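Since every read-out is calculated from the coordinates, none of them should be taken as a lab result. Given the structure is predicted, the values throughout are model-derived calculations rather than measurements.
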Amino acid sequence: MKKILDLLFFYTQWALGSGTYSFQSYSVLQVLGASNMNQEEVNIRDHLHGSDGVLSAGHVFTNPGNVEQTLTDAATVVWNLALGAVATLVCSGAANNRSIVASNMNVGVGILHFYQSSSGTNTASFASHFKWSSGVSPSFTSTSSALDILTFVTASSFLRGSMALPDVR
């Protein structure tokens, strides 16, 4: 799954805010044959690319959910993916821990920008529908105003995530 997340992140970097993105003759998931994937991964591959895992030149995907949204910082932060699969959370509180939950999940890709407050001591916990490598959620950079970027492969009932870009400067 990490290979899929890495590849999807690389090829979705251009999706930020545009709602439409195109691919130029790349074979994103062709390197992973169905024998190397579980059924959920095969379903994601087929939904995004077709059963052969190959994107043809000029293939365009549109996703109205790829609109960027700003999440409201609170004790519980709700990320409604129907309003935007690209989200920004700017922490405003001191060392408070916020709980992040997602709603309206569909098969796709999500990106979360997590900005620290000026204190740099903000933390977050994630609802059980967020899934992480080895079951361990990421730690955030503890520098004032730091930016960490997380990527997710989403399905109807869960998000599989990874810390894609820690401490972006």
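Between the amide H of residue 85 and those of 66, 67, distances stay under 5 Å, these residues lying 5 or more places away or on another chain, with hydrogens modeled in the peptide plane.
Taking amide H as placed 1.01 Å from N in the peptide plane, residue 79 has its amide H under 5 Å from the amide H of 101, 102, 103, each at least 5 places away in sequence or on another chain. Put simply, the amide H of residue 107, placed in the peptide plane, has neighbours under 5 Å in 156, leaving out anything fewer than 5 places away on its chain.
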